[in-house]
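Everything on this sheet refers to the single structure shown next.
Please treat every number below as a calculation from the coordinates, not as lab data. Every value quoted in this text rests on a predicted model; they were computed, and no experiment measured them. Reconstructed Cβ throughout: ideal geometry from the backbone, glycine too, with neighbour counts over all protein chains shown.
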Protein chains: 2
Amino acid sequence: MSKNASEQAVRLLARIERHEPQIQAFSSYDPARLRQDAQTVSDGVLSGLGVGVKDIIDTVHYPTMYGSPIYSGHHTVNDAACVAQLKAAGALCLGKTVTTEFAFFQAGPTVNPHDFSRTPGGSSSGSAAAVAAGMIDIGLASQTAASLTRPASYCGVVGFKPSYGRYAAAGIKGLAPSFDTLGTITIDVATAALADSILKGPLPASVSLKPTTPVRIGICQTPWWDQAEPSTRIALHNAATLLQKHVSVEEVDLSTFVTAADLHVTIMSYEACQALAWEYAERKSLLSPQITKLLDAGRDITYDVYRAALVDAEKLRAGIAEIFKQYDVLLAPAAPGEAPRLEDGTGSPIFSRLWTLLRIPTVTLPGFVGLNGLPVGLQLLGAFGADEALLNFAAWVETVFPFRPVPVICR
Amino acid sequence: MSKNASEQAVRLLARIERHEPQIQAFSSYDPARLRQDAQTVSDGVLSGLGVGVKDIIDTVHYPTMYGSPIYSGHHTVNDAACVAQLKAAGALCLGKTVTTEFAFFQAGPTVNPHDFSRTPGGSSSGSAAAVAAGMIDIGLASQTAASLTRPASYCGVVGFKPSYGRYAAAGIKGLAPSFDTLGTITIDVATAALADSILKGPLPASVSLKPTTPVRIGICQTPWWDQAEPSTRIALHNAATLLQKHVSVEEVDLSTFVTAADLHVTIMSYEACQALAWEYAERKSLLSPQITKLLDAGRDITYDVYRAALVDAEKLRAGIAEIFKQYDVLLAPAAPGEAPRLEDGTGSPIFSRLWTLLRIPTVTLPGFVGLNGLPVGLQLLGAFGADEALLNFAAWVETVFPFRPVPVICR
């Protein structure tokens, strides 16, 4: 087994050494540490797979800096639960991947492997870029607004945000606990399902991904369709055309969910100000203007307004459960369009706020190419708790979509 | 302001120096640090109040050891959000209070201030004992099963576990995230309400505790009444007799909630095994037999069984919401009886598993004395999210109950 892991370490290190100087997906990695870990790695379901750990997740052997100068050089004494689970299943931890500051908007140095002048998206910037460049097999990622879906779409890879609470949050820096969700970025649905079998609980589960054709797919332009660029509009149209050759496809009207975006902002601002109370009180001068603005906004929200938003969010969750009685899966935009230029930020989260608020699982699938030749993904949504079913549907949809991701710079 | 805080520091230090050698409520405190903090403490709503921080909660200036030898001497670089919030409001942090191992059952050295041969209860052992002995004003505490309610009852003090999610969990070691809830232990409801005004969110709120007479109180013997000892049975009977002089009091049948105890154990075991994945994988030899047994049990639960338990728990939550349409508050046992002897452990959590599963707020009120002359508390329960109303009702009930807590050893 350690022979296998050692070979894997050599293979991935070669890719990192070749591509990392340009991509800058890692906040830290250590070839010596990696070769040493490869000698002692466990045998298991994930043997031979390399993991990149988003740098809001604690690790013993690499610094954990949350994308913030407040935590420059910071080390924890333990691994987050998810890292321990993956290691115990045989995965090799390659290092930490770049996050935006506290998984919010202030970008790190990572560029998009498809176009170095473009953002990889945020906040799971490094995990998405490293998977796209073939430097890791599993990128640990997280989402509070659109931090997993958007970089997966921009980098042309698969993003899986499971149902809220499915993976352990222990050892992960939180931003807004009503939404914070750990997930994965991978090259395909099969690898996401493999990681899911380990991360979903203590029992080492057998993997049983069964690509499944859904009976009814609902297409959601969403109430924010006017913010979709031509690349995303064309992708959703083409996807619907391809899918309706096989299954029933209908437009779903989500106009009653239009309040979701504002509710999401209210809850996130309030909770972020609570969660980052120490940083705000004791290290404010080291916070970026972007996150300071979020926290200041949180302070202007009263408890009663916040509480009312939580109640309204629950009502929307009941509403989407009704819609999933009619559709096996929903298909929706993953981002407004192709990756923006670096100077324009990490992109708009508008097409994920609703789904994050609803806490339902989502698989972002690559499969389309935009007007500038860059990847455009779409997201498949499932009912809360129906994660296995969603992965099975996604594995089938993956075979229908035209473009299959391969590690970018290889081509 | 710093004069006030300095005087307060001197007063509390004198009490700690007098009582701590016997009570052993603190896992760490530092008189020099305390005097220094008193010089720089903020002015605010909590000025002049001393806080003890349960040692599953991160603090910069004191070690954070989670009651486990794995983390002996462990320091974090930041304060948990709740600690930062209390400090920013003027509270003085006196040190860390003893927790059982990872807030489960393996007891620390703390004794019950009312009888040194008895347990203070667990897991918030130190916070409850320190409040009872007048060494702190606010004890930060937490509950995953009965870890706040039970020590409050055993030590004759007020315990407030708010609605799930009301206080920030950032920087607190988790055990079972579906249940883990931060709360407070205090000498009275007014102090709990004061702390609540700060902990519930970023906005410094004005405190407006208004003792309120409820119209209808439901008395809950609960499905576990056969495990109630005479001391608790008499206390509940006497409380009902006292209350019905003022308000409508009715027995509530909770027999349809009998599954809650098993559901709670299933969910807690599964999630604990996920949350403590690193300790289980990498430091198993340093775990106590008690927590090892819990984690081993978690590994025997499949995801499907766990998921079904989550769905059943949601149904029970909907069921209790119906009951709160008929009653303003419920009154129920807080523990089987008086504090057990030290050699018999930290007591049974049976009378809190239901309420923790339901995620509703609870105020444990002292007020009764058991057959051995030790405190017996009862808990008042409110509807989810109705925390202010519950505190207001509790402030009135507090005036009706016969026994008022005073710092124990003073008397």
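Given a Förster distance of 51 Å, report the FRET efficiency between B:Ser117 and B:His246 from their Cβ-Cβ distance, rounded to the nearest 0.05.
On the way: r = 38 Å, r/R0 = 0.74.
For B:Ser117 and B:His246, the calculated efficiency is 0.85.
Where the label is 7 Å out from Cα toward Cβ, how close does A:Asn4 come to the same position in every other copy, in nm, shortest first?
6.6
In terms of modelled amide H atoms, which long-range or inter-chain residues lie less than 5 Å from the amide H of A:Asp79?
A:Val60
When the Karplus curve 6.51 cos²θ - 1.76 cosθ + 1.60 is applied with θ = phi - 60°, which whole-Hz ³J(HN,Hα) does each residue of the stretch B:145-161 get, with x for Gly and Pro?
10, 9, 6, 10, 4, 5, x, 4, 5, 5, 9, x, 10, 8, x, 10, 9
Taking the number of other C-beta atoms within 10 Å as the exposure measure, put B:Asp304, B:Asp196 in order starting with the fewest.
Working: B:Asp304 9, B:Asp196 26.
So the residues, fewest neighbours to most, are B:Asp304, B:Asp196.
How far is A:Lys245 from itself in the other copies, in nm, if each label sits 7 Å out from Cα along the Cα-Cβ line, shortest first?
Distances to the matching label points in the other copies: 8.3 nm.
Given a Förster distance of 30 Å, report the FRET efficiency between B:Arg404 and B:Glu229 from their Cβ-Cβ distance, rounded to the nearest 0.05. Mind dumping the intermediate values first?
On the way: r = 23 Å, r/R0 = 0.77.
After rounding to 0.05, the efficiency reads 0.85.
For A:Thr213, go 7 angstrom from Cα along the Cα-to-Cβ vector, then report the distances to that same point in the other copies in nm, smallest first.
7.1
Quick one: which residues, 5+ away or cross-chain, put their amide H under 5 Å from the amide H of B:Ala133? H built at 1.01 Å from N.
Amide H neighbours of B:Ala133: B:Val408.
Can you give the helix-only mean residue ellipticity at 222 nm for chain A, where every DSSP H stretch with n ≥ 4 adds -39500 (n - 2.57) and the sum goes over all residues, rounded to the nearest 500 deg cm²/dmol?
On the way: 13 runs with 157 residues, N = 411.
So the calculated ellipticity at 222 nm is -12000 deg cm²/dmol.
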